[in-house]
Amino acid sequence: MSKSQTYEIISLCKGMSCTLNGSEEVHDELELEIEKRALSDKIEIVESCCKGMCEEGPNATLLISGEQKNGIEVDKVKKIIDEIENCLF
């Protein structure tokens, strides 16, 4: 990610495998962390269909930076938001 971003969109897979592997819980934790840091005007979460990487899920794509995040667990959410926040100006 480059430090020239003003916002980010997290496209979180809501396909069957990702949902069974915890994407709902990840979504909830992302929302909580974004709200806690007052970043709702800079980070948006959108749902997406299957990204075709079911065995690696839950999966998300950071649409502005183009980064792919796989195997996201609730305990990784803070680190992901840290990475995004460090690239926003």
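The values are calculated or read from the model by the stated rules, or taken from the named source; none is laboratory data. All of these numbers come straight from a predicted model, not from anything done at the bench. Quick reminder, even Gly has a Cβ in these numbers, built from the backbone with ideal geometry, and neighbours come from all protein chains shown.
Things to note:
- Residues in the stretch 37-53 that are basic (Lys, Arg) and under 16 Å from ASN86 (Cβ atoms): ARG37, LYS42.
- Residue that is surrounded by the fewest Cβ atoms within 10 Å (Cβ to Cβ), among those in the stretch 67-84 that are within 15 Å of GLU24 (Cα to Cα) and aliphatic (A, V, I, L, M): VAL74
- Looking across the stretch 11-66, the residues that are hydrophobic (A, V, I, L, M, F, W, C) and surrounded by fewer than 16 Cβ atoms within 10 Å (Cβ to Cβ) come down to MET16, LEU20, LEU32, ALA38, VAL46, CYS49, CYS50, LEU63.
- Scope the stretch 15-58; condition under 16 Å from GLY71 (Cβ atoms) and either among the aromatic types (Phe, Trp, Tyr) or part of a loop (DSSP other than H, G, I, E, B) (or both); matching residues: GLY15, ASN21, GLY22, CYS50, LYS51, GLY52, MET53, GLY57, PRO58
- Within the stretch 59-83, restricting attention to residues that are out of contact with any strand residue (DSSP E or B) (no Cβ under 7 Å at 6 or more places or on another chain) and part of a loop (DSSP other than H, G, I, E, B), the residue that is nearest to GLY22 (Cα to Cα) is GLU73.
- Residue check, LYS51 within 16 Å of ILE9 (Cβ to Cβ), of a type in the set (Lys, Arg) and either modelled with pLDDT of 95 or more or touching a Pro at 6+ places or on another chain (Cβ under 8 Å) (or both): no
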